[in-house]
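Single-structure report; data block below.
The values are calculated or read from the model by the stated rules, or taken from the named source; none is laboratory data. Just so it is clear, the model here is predicted, and its values are computed rather than measured. Positions of Cβ are generated from backbone atoms using ideal geometry, with glycine treated the same way; all protein chains shown enter the neighbour counts.
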Amino acid sequence: MTSLLADPEKNGYPENMQDRLFQDPDLVQFYDPDNGWGDDTRHCLALAEKVESVLDLGCGTGLLAAALGPGRDVWGVDPAEAMLEIARKRPGGSTVTWIQADGRSIRLRRRFDLILMTGHAFQCLLTDADQSALRETIAAHLAPGGSFIFDSRNPVREEWREWVPDLTRRVFDHPELGRITAWNDVSMDAETQIVTYETIRAYPVNAYTYYMLGAANHLSRAR
Ligand SMILES: C[S@@+](CC[C@H](N)C(=O)[O-])C[C@H]1O[C@@H](n2cnc3c(N)ncnc32)[C@H](O)[C@@H]1O
């Protein structure tokens, strides 16, 4: 990991560092079936009820932004084109301005009543330098009296320890491939506090054979 930059802690991770989990269409097609509305996104939907403009940073496949779009000025920003591709096509997608960009450096020259960063997108900011750059983006885009809402895992809880096959095995339906079984596996670098996890997905080809879909390592910050 450290070979990518002389000092990622000081400089942050390179913007062109690709996270296959979000960039590869073969993997991204599982994002919506495996995720969806949760308490967090429903809470943000309610928070946005009275605001006129929203910036969704790390908007992913755009579930939340597209629901907020009608009747508001909503912008969705994400570095992953494959995620935005789904966002543009979803119902309500045409009501949102989608921008492919990195949340650390984007400058839209406009301000928003509400800035959101949901689904632990904040954990994709791997170093203090990355988080600091994100804070500058927030300062540059928040309207006076506006709010920035983001979620972050509680580091004390060390939730990543549970991202192992036996505790993460789940089943969901994919619109074309049918019933999918998925699970995660994880490792943590104690020095950098960066968690690397992969999601493995399998679907039945026939009664005897499962087709395993290639997993991509995904980096996430533990603290
Ligand atoms: C787990 S997904 C969450 C997507 C969406 N917010 C949700 O709640 O479903 C994390 C998203 O953060 C995006 N992301 C990663 N690094 C980012 C960065 N530097 N700036 C903005 N978004 C980033 C990824 O491309 C991915 O779409």
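Details
- Lone qualifier among Gly58, Gly119 - being touching a helix residue (DSSP H, G or I) at 6+ places or on another chain (Cβ under 8 Å), under 18 Å from Phe30 (Cα atoms), at pLDDT below 95 and of a type outside the set (Ser, Thr, Tyr): Gly119
- A count restricted to segment 33-78 and to residues that are touching a His at 6+ places or on another chain (Cβ under 6 Å) and either over 27 Å from Ala133 (Cα atoms) or in the same structural domain as Thr199 (by TED's automatic domain parsing) (or both) stands at 1.
- If the condition is being within 12 Å of the ligand (Cβ to nearest atom), modelled with pLDDT under 70 and surrounded by 15 or more Cβ atoms within 10 Å (Cβ to Cβ), then segment 1-34 contributes only Met17.
Residues checked against (1) surrounded by 23 or more Cβ atoms within 10 Å (Cβ to Cβ); (2) touching a Phe, Trp or Tyr at 6+ places or on another chain (Cβ under 8 Å):
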| site | (1), (2) |
| --- | --- |
| Gly36 | no, no |
| Glu49 | no, no |
| Asp56 | yes, yes |
| Leu84 | yes, yes |
| Thr97 | no, yes |
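- Those residues of segment 166-180 which are surrounded by 14 or more Cβ atoms within 10 Å (Cβ to Cβ) and in a helix (DSSP H, G or I), in sequence order: Thr168
- Looking across Trp163, Trp183, one residue alone is in the same structural domain as Ile194 (by TED's automatic domain parsing), surrounded by 11 or more Cβ atoms within 10 Å (Cβ to Cβ) and either closer than 19 Å to Leu108 by Cα or within 14 Å of the ligand (Cβ to nearest atom) (or both). It is Trp163.
- Unique residue being within 25 Å of Met117 (Cβ to Cβ) and of a type in the set (Lys, Arg) when the list is Arg153, Arg169, Arg179: Arg153
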